[in-house]
Amino acid sequence: GTRLGITAGKKIGGAVQRNRAKRLMREAYRHIESDAGEKLKKGFLIVIAARTGINGVKCAAVESDLKYALKKAELLLQ
């Protein structure tokens, strides 16, 4: 299956903010994976790096941005 790697550097903030950012991205990927089902390509290694703009953002916004990035990378089919 597809493997997911998530990273958040110290520019994000302290440990609490970094862990929240990683949890948000993980949850957004889970939602996409469960909704997309067979539309998500298998056998890839996906690495996501959090940026400073993620602080204070809701999960729905992260999910839509991640969906856009996966479509752009042609890992999520229409």
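Could you check how many residues of segment 10-20 are open to solvent by 80 Å² or more (accessible area, probe 1.4 Å) and either under 13 Å from A49 (Cβ atoms) or in contact with a Phe, Trp or Tyr (Cβ under 6 Å, 6 or more places away or on another chain) (or both)?
Of the residues in that region, 2 qualify.
Give the residues of segment 30-58 that are part of a helix (DSSP H, G or I), open to solvent by 40 Å² or more (accessible area, probe 1.4 Å) and closer than 16 Å to Q17 by Cβ, sorted by residue number. Can you show your working first?
Kept after step one, since they are part of a helix (DSSP H, G or I), are these residues of segment 30-58: 30-39, 52-54.
Okay, now just the ones that are also open to solvent by 40 Å² or more (accessible area, probe 1.4 Å), so 30-31, 33-35, 38-39, 52-53.
Scanning segment 30-58 gives T52, G53.
For R23, are the conditions met, namely being at pLDDT 95 or above and either under 18 Å from G1 (Cα atoms) or open to solvent by 90 Å² or more (accessible area, probe 1.4 Å) (or both)? Even if it seems obvious, please write down each step before you answer.
On the way: at pLDDT 95 or above: yes; either under 18 Å from G1 (Cα atoms) or open to solvent by 90 Å² or more (accessible area, probe 1.4 Å) (or both): yes.
Considered against the rule, which asks whether it is at pLDDT 95 or above and either under 18 Å from G1 (Cα atoms) or open to solvent by 90 Å² or more (accessible area, probe 1.4 Å) (or both), R23 comes out as yes.
Out of T7, T2, report the one residue that is under 12 Å from L76 (Cβ atoms), surrounded by 12 or more Cβ atoms within 10 Å (Cβ to Cβ) and of a type in the set (S, T, N, Q).
Working: T7 fails: under 12 Å from L76 (Cβ atoms).
Of T7, T2, the one residue that is under 12 Å from L76 (Cβ atoms), surrounded by 12 or more Cβ atoms within 10 Å (Cβ to Cβ) and of a type in the set (S, T, N, Q) is T2.
When you scan segment 64-77, do you find a residue that is closer than 14 Å to I6 by Cα and surrounded by 14 or more Cβ atoms within 10 Å (Cβ to Cβ), even just one? Full working, then the answer.
Going residue by residue through segment 64-77, those that are closer than 14 Å to I6 by Cα are 66.
The next check asks that each one be surrounded by 14 or more Cβ atoms within 10 Å (Cβ to Cβ); those that pass are 66.
Among the residues of segment 64-77, at least one is closer than 14 Å to I6 by Cα and surrounded by 14 or more Cβ atoms within 10 Å (Cβ to Cβ), which makes the answer yes.
The values are calculated or read from the model by the stated rules, or taken from the named source; none is laboratory data. Note that the structure is predicted; figures quoted are calculated from it, not measured. Cβ: placed from backbone, ideal geometry, glycine included. Neighbour counts: every protein chain shown. To get the accessible areas, we keep the full protein, side chains included, count just its heavy atoms, and leave off ligands, DNA and RNA. Shrake-Rupley method; radii C 1.70, N 1.55, O 1.52, S 1.80 Å.
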